[in-house]
Each structure stands twice: as C-alpha cells, then as structure tokens.
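One structure is given here, and the rest of the page talks about it.
Please treat every number below as a calculation from the coordinates, not as lab data. Just so it is clear, the model here is predicted, and its values are computed rather than measured. No Cβ is skipped: glycine too gets one built from the backbone with ideal geometry, and neighbour counts run over all protein chains shown.
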Amino acid sequence: MLAGVLAAEGYDRQMSSSTAVPNTDRPAPSPPDIKRLYELVADDFAAVNALIPRQLTSDVALVEKIGHHIVESGGKRLRPLLVLLSARSLNFAPSETTPAHVKLAAIIEFLHTATLLHDDVVDRSDLRRGRSTANALWGNASSVLVGDFLYSRAFQLMVELGRVDIIAVLSDATNVIAEGEVQQLDNVGNANLSEADYMAVIRAKTAMLFQAAAHTGAHLASEDEHEIALLRDYGLHVGLAYQLVDDWLDYAGETKIMGKNVGDDLAEGKATLPLIRTMADGTRADAALVRKAIENRSGERLADVIRAVERSGALDYTKAQAERQAQSAIALLPGLPASRYRDALAQLAEFSVSRLA
C-alpha cells in the first residue's frame, strides 16, 4: 500500500524533478527566529497547549503519567504549528468555543507523540530530547499501550471534528506512517538499501505527518483544490527536509544539540543517506567499513565511520538534498494568498534546515 499511495499522489518521482527549485547559489539567509512564528499564532497555540493536557485525562494513573512525560518533554510542536499556519494562511476564521484548527493541531500532536512512544520501543532508545524515554522509565509494554491510547484519543477528537475529508487524510496518513516504520524495521542491517528506497521510507515515516498537518489545515480553511494541493505538497517537502537534516546530524551533530546519542542510527543498523552516499562515493576501504558497521548493527567504530562519511562528501550531499527540499517547499507558496502567515510558512521551511552548520 505504501508504494501505491506514494505513486498515486505523484511522490514516486525523483527528487531532482519534484518541483521547480529557486537558485540556491546565493548566500544563505540568517536562520529564522522560530519564536516569531509561534508569536504569530500565540492565542491559537496557547489554546492547543491548554487542550492537550485536558485530553490526556484517564482513570488509569500510569496513562496520564506517561502521556504527560512524552507530551511535555520539550518538543517544538512543529506539526501543530504547521496546522495553525496552514489554516490561517487560507483565512480560516474560527467560531467555536474550541475551534476546529485547535482540535486538529492537538490531534496531530497526539499522532506524533504516539509514533514517538512506539519508535523508542522498536529502536530500544533510552534518550529523546535530552530526557530518558518512556520505555526506559516504565518499560516497553506500558509505552506501547499508552501510544495506543494516544492514537485512540486522536481519533476520538477526529470524530468530534465531524469532517470526513480530514478523517480520510489522517487515517490514510496513519496507515502509511505505520507501513513506513515496518519498512524501516525490515531494512535494519541492509547495507544494499538504495537511495530511492531510503527516500520512500522517510516520506512515509516522517514527511507524511508533516504533509497531513498542512493538508488538513488547508482542508479546514478552503475548498479550493489547488490551494489544498499546494499546502499538501509544501508539508511533504518540509517533512523530507526535516528528516534529511536529522540524518545529517547523526554524523555531524552533538548529543546536546540532537537530544539523542550521536551514532544511534548506526548502532541500530539503519542505512541513512550519509551512509548510503559514503558506500557509493567513498573509497573502497571506507565503503567496506560502513557496510560492515550496518550489517553488524554496530557503533563500535563510530569515530572511523564519521571520518569516512566526512571524507566521502556524503554530508555535503545530504545537506544539499535537505536544502533542495526546503526550497521546493518555498517555491510552492506564491500560489497562496499573500499574508504574514504565508511568509511564516516560508520561514518554517527555512527553519527546517537551519540546524545545518
């Protein structure tokens, strides 16, 4: 189903032909101030932050404890922000006591949080956002079940919205995300993973929820199919850029910046783009070193692997692909009405790659 969904929506094309990309040879602008984007929708975001803990109530104390631990663990909540900015960019006018875009932003955050709980169990992670993971504190079984609780709570909120079009987008997205996670798990230890297959996985496991956030935010505010499609594709490109930067950071970042341990992907046997390009472009010895580390699922020679990645030019390649995706997102925005919210969407795309050094 994953390949079918991507092909049906036109996402099986090569990165180089996904959309017209502005010239990226000019000097890079200063990183955007992300705080200003939140300030632009401050009242909306405050309402989202108030709604989330209200929806975490449960008769089971451990559900609330784990739910609050992961939800309040310091994430930027970029996906809920994307919902709010997308809806506002198309002149969404809230009317209810708890407006639809606030509920939708909370839904997206719950879906994201559920995937994090499940991911940490699958990856046996003990650190996320600089804090101990829920599975490290309470065990795998509790983490998985609370992730299920968050999924079900998200779908309860979807029913309250009463929008079949939005439920359709989110149910499809959730299914594709799950398939992407299984596909990634199936690829653990696979040193023959192609760049195209890698892109398919990150489209599904990461970019799909960014896409769904922008897509459903547009559905709330507009019936114009062109506008809705533009924001859907914008969200996809931002999500791809974000994951490419994450994978770049795993070999160029520091634990204190990343909030997880440098080299985690290598120890888990994940062939991400920096490793794929090192095996393609590096020396025979460097390629063999990386291949062995992936197949053995070992981070023991992390320092040697990092040097091999640096020598091969794979970091520069990955960085360029991330920047290309961000520029592809920005190139879509002139098709939306001019507004400060549209400008903020451009800045959000720039922020997605601002962690690149």
Legend entry - the chain - mean residue ellipticity at 222 nm from DSSP helices (-39,500 (n - 2.57) per run, n ≥ 4, rounded to 500): -22000 deg cm²/dmol
Legend entry - Residues with amide H under 5 Å from that of Arg128, placed H, sequence gap 5 or more: Thr133
Legend entry - P(r) weight above 30 Å for the chain, C-alpha pairs, percent: 35
Inset, instruction - With a 10 Å radius around each residue's Cβ, average the other Cβ atoms per peptide and rank 221-234, 188-201, 317-330, highest first. - result: 317-330, 221-234, 188-201
Inset, instruction - Counting residues in region 279-357 as N, plug N into 2.2 N^0.38 Å and put the Cα Rg over that result. - result: 1.57
Legend entry - Relative packing of peptides 310-316, 159-165, 111-117 - highest average C-beta neighbours within 10 Å first: 111-117, 310-316, 159-165
Inset, instruction - With 21 Å as the limit, write out which pairs from Lys76/Lys103; Lys35/Lys319; Lys35/Lys65; Lys35/Lys205; Lys65/Lys270; Lys65/Lys205 have Cα-Cα distances beyond it, or answer none. - result: Lys35/Lys319; Lys35/Lys65; Lys35/Lys205; Lys65/Lys270; Lys65/Lys205
Inset, instruction - Give the shape of region 105-193 as rounded, prolate or oblate, defined through the alpha-carbon gyration tensor: a ≥ b ≥ c are the square roots of its eigenvalues, a/c under 1.5 means rounded, and otherwise the shape is prolate if a/b is larger than b/c and oblate if not. - result: oblate
Inset, instruction - Using +1 at the Cβ of each Lys and Arg and -1 at the Cβ of each Asp and Glu in region 65-157, identify which of Gln156, Ile108, Ala134 lies farthest towards the dipole's positive end. - result: Ile108
Legend entry - Charged-residue dipole, Cβ positions (Lys, Arg, Asp, Glu), the chain about Cα centre, Debye nearest 20: 700
Inset, instruction - Could you line up Asp186, Asp246 from fewest to most neighbouring Cβ atoms inside 10 Å? - result: Asp186, Asp246
